[in-house]
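Worksheet: one structure, shown below.
Since every read-out is calculated from the coordinates, none of them should be taken as a lab result. Quick caveat, the model's predicted, so the values are computed rather than measured. Every residue, glycine as well, gets a Cβ built from its backbone with ideal geometry; the counts of neighbours run over all protein chains shown.
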């Protein structure tokens, strides 16, 4: 059974802002960035779970960097059961006609966005602007590492369209103990005192995707009985974990 993500401040803020941007304000472009392990994929799952399936259709591309402009149009068209052509312009025209008749809001979530070609981003922008009545039929959520922000800043025509720009940075120190309790239970979380928590937090830099395996390594070394683990032992364990 998959455990629900711990609702740390960064995560909750980003989720609420993105949900509002997509559903209430119909923003054509939104941005979610963050280092590996900060919870971007978990956040996307939470967002998708809160969208009304009768109103929104989500197309998620986990490896969007493999999509060229023509490939993006082809995949979107096929998802709407639009017959594509060997000629890109014909496929695009058919897709735009289908979008005009689409009752759902179509959301394109492009992960690994920092690896997208500029021509693919330009094509995504064209899809968001295909409806002249002002309400976008297509909304694009770009997801990637922090360098995605810099890459978009170098493309002013896209950057200014990303009105909502969220970045996940991880936990604050005060959230570490409840985070460990959420994932491992009170008894295990309490095995570390404040100094040991500080060692773990600094080693992981507050990144949830690092804290979990690091704490698991501590439990594997010292067993799951409730014996306290001192900060020096935590430091030594995580040093070994880094070198493994």
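Under the shape rule built on the C-alpha gyration tensor, where the axes satisfy a ≥ b ≥ c, segment 173-243 is rounded, since a/c falls short of 1.5. Using only C-alpha positions, report the orientation-averaged shadow area of the convex hull of segment 88-137, nm², one decimal. The orientation-averaged projected area of the Cα hull of segment 88-137 comes to 3.9 nm². Taking the Cβ-Cβ separation of residue 53 and residue 24 as r and a Förster radius of 22 Å, what is the calculated FRET efficiency to the nearest 0.05? Using R0 = 22 Å, I get an efficiency of 0.80. Annotation: segment 107-220 has a Kirkwood hydrodynamic radius of 17.1 angstrom, from the mean reciprocal C-alpha pair distance.
What number, in percent, do you get for the relative contact order of the chain if the mean sequence gap of Cα pairs under 8 Å and at least 6 apart is divided by its residue count? Intermediate values should be presented prior to the final figure.
Working: 348 pairs, mean separation 62.5, N = 244.
Relative contact order, the chain: 26 percent.
If R0 equals 25 Å, the separation of the Cβ atoms of residue 232 and residue 190 corresponds to a calculated FRET efficiency of about 0.85. Going 7 Å from the Cα of residue 198 in the Cα-to-Cβ direction, what parts of segment 148-186 have a backbone nitrogen less than 14 Å from that spot? Only 173-174 fall inside the zone, counting backbone N under 14 Å. For the pair residue 3 and residue 78, a Förster radius of 35 Å applied to the C-beta separation gives a FRET efficiency near 0.50, rounded to the nearest 0.05. Evaluated at q = 0.08, 0.12, 0.13 Å⁻¹, a Debye calculation over the C-alpha positions of the chain (equal weights, vacuum) places log10 I(q)/I(0) at -0.40, -0.74, -0.82.
Rounded to two decimal places and with Rh computed the Kirkwood way over Cα pairs, what is Rg over Rh for segment 143-194?
On the way: Rg = 18.2 Å, Rh = 14.0 Å.
Result for segment 143-194 is an Rg/Rh of 1.30.
Per residue, the chain reaches -14500 deg cm²/dmol at 222 nm when only DSSP H runs of four or more residues are counted, each adding -39500 (n - 2.57).
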